[in-house]
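Notes to accompany the following structure.
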């Protein structure tokens, strides 16, 4: 089972503050906020193999490298091409030798060559598989990563495509918004249960069940 509980993990972090750590049966999740834009970075560690994967080397490379520690880093996944999510990418990869991965439609916007990902791909951190979910709209190649915990609830890292209270910024472009709200509704809310816990690129976490009742309102308001 998920041996951490909502009572002990809140996912509430701030720049310069302590990380929040969640221990699942097979996966350790460490969430940290880096400045200056209060970006979330997530270090995932397979508990059986010790392999580690970082989601968004956003900034403060020395701090992220300290978080990685002596265990090494196998992979860095960048959720999308906006600069505030990859400032530390080049340094982290250079100092750890980690593979850099990003969706093919955003990879060209990153500072180093990244192996292309596509919707439905699997990225592994040790024995733990993460499903790549392409969510168009915030950027052409924005992705989420899904971990279906065999002993608990699903866990979902959404980048800047889904937050508590709404989907990501689409710059008031009706076509981009339509693509994003459609993908978020059909690929996330329609497929996954209410107890799915999601971890966004900025700010606090939430669950799909908490946000689900507001989906019609999000569509109506257009952002």
**OP:** Go through the residues of segment 203-213 one by one and say whether even a single one is in a strand (DSSP E or B), touching a helix residue (DSSP H, G or I) at 6+ places or on another chain (Cβ under 7 Å) and at pLDDT 95 or above.
**Re:** no
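Kindly indicate whether residue 26 is over 17 Å from the mean Cα position of the chain (by Cα), modelled with pLDDT of 95 or more and buried (at least 17 other Cβ atoms within 10 Å of the Cβ). Walk me through how you get there before you give the answer.
Values: over 17 Å from the mean Cα position of the chain (by Cα): yes; modelled with pLDDT of 95 or more: yes; buried (at least 17 other Cβ atoms within 10 Å of the Cβ): yes.
Spelling it out, residue 26 is indeed over 17 Å from the mean Cα position of the chain (by Cα), modelled with pLDDT of 95 or more and buried (at least 17 other Cβ atoms within 10 Å of the Cβ).
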**OP:** Determine which single condition residue 200 fails, assuming it passes every other condition in (1) out of contact with any helix residue (DSSP H, G or I) (no Cβ under 8 Å at 6 or more places or on another chain); (2) over 19 Å from residue 57 (Cα atoms).
**Re:** (2)
Subject >> Unmet criterion (only one of (1) assigned to a loop (DSSP other than H, G, I, E, B); (2) in contact (Cβ under 8 Å) with a residue 60 or more places away in the chain) for residue 193 >> reply: (2)
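So that you can scan it fast, the table gives a plain yes or no per residue for (1) crowded, with 17+ Cβ neighbours inside 10 Å; (2) at pLDDT below 95; (3) within 14 Å of the chain's Cα centre (by Cα); (4) part of a loop (DSSP other than H, G, I, E, B):
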position: 120; (1), (2), (3), (4): no, no, no, yes
position: 123; (1), (2), (3), (4): yes, no, yes, no
position: 137; (1), (2), (3), (4): yes, no, no, yes
position: 144; (1), (2), (3), (4): yes, no, yes, no
position: 156; (1), (2), (3), (4): yes, no, yes, no
position: 177; (1), (2), (3), (4): yes, no, no, no
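The values are calculated or read from the model by the stated rules, or taken from the named source; none is laboratory data. Quantities reported herein were computed from a predicted structural model and do not represent experimental measurements. FYI the Cβ positions are ideal-geometry reconstructions off the backbone, even for glycines, and counts take in every protein chain you see.
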